[in-house]
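The values are calculated or read from the model by the stated rules, or taken from the named source; none is laboratory data. Everything numeric in this text was worked out from a predicted model, so none of it was measured. Positions of Cβ are backbone-derived with ideal geometry, glycine not excepted, and every protein chain shown enters the neighbour counts. The accessibility values were calculated without ligands, DNA or RNA, using every heavy atom of the protein model including side chains. Shrake-Rupley method; radii C 1.70, N 1.55, O 1.52, S 1.80 Å.
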Amino acid sequence: MKHDRVQAVGTFGGSLFHHKTRNLMPWDGLIVLMNGNGVTTMKQKYSLAALLVGTLALAGCAGFDATSGDTANEPLENTYWKLVTVGERQAVTIDEAREAHLVLHADDARLAGSTGCNRMMGDYERDGDRLTFGQLATTMMACPGEVMELEREFLDALGDITNWQVEGENLTLVGEEGEALARFEAVHLQ
């Protein structure tokens, strides 16, 4: 069987390669390897199946642009929002206690969550980017001082909320003057 002489010219990793090879069967795959010094080598004798698998794998990734920065915003409702800060205070978690969080249940406009010490529940009203909370109820357990201070500030902030903003996986609850009263991050429960 006669083998054709093939010349491979193209770019790989931004660098030009040029290589002549012989004895390349029409069904052989051609793989270009480049080391850190820019030296290219050609490998052959890969089956057509291996070449197709590699091509399909690369084609599958072609539609994904990891550098675009375009991330979808989490929905305000039916998302577990973990408290990050209340005003300037960082949220704290104690052993054996739930982290401070909230979930706004869209079906019945009910809030459920935790202050970091006590469970909380209540209702809310949403109209576009406007958000207000009705009277909230909590359990009445005592917790260490720092956690109780966070709870008080968290509940006070929820009473002063007028608007909300979601950017990616971050929720900011905003007061009447446009100040960030509480910040949260979305948590995807397994």
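Other residues whose C-beta falls under 14 angstrom from the C-beta of GLU125 contribute a net charge of -2, scoring Lys and Arg +1 and Asp and Glu -1. Summing +1 for each Lys or Arg and -1 for each Asp or Glu among the other residues whose beta-carbon sits under 12 angstrom from that of ASP156 gives -2.
Once both labels are positioned 7 Å from their Cα atoms along Cα-to-Cβ, the gap between ASN73 and ASP107 label points is 2.5 nm. Based on alpha carbons, the Rg and Dmax found for the stretch 109-153 are 12.2, 38 Å. Taking the average, over residues, of other Cβ atoms within 10 Å as the packing measure, peptides 165-174, 86-95 rank 165-174, 86-95 from highest down. For GLU88 and LEU189, the FRET efficiency from 1/(1 + (r/R0)^6), where r spans their Cβ atoms and R0 equals 45 Å, is about 0.95. Taking only the Cα atoms of the stretch 98-190, the ratio Rg/Rh comes out at 0.95, with Rh defined as the Kirkwood radius.
Note on the stretch 123-173: dipole from Cβ charges, positive end direction compared against LEU150, TYR124, VAL166; the farthest Cα belongs to TYR124.
The residues of the stretch 98-166 have, on average, 53 Å² of accessible surface per residue, using a 1.4 Å probe with all protein chains present. Taking Lys and Arg as +1 and Asp and Glu as -1, the other residues whose beta-carbon sits under 12 Å from that of VAL84 total -1.
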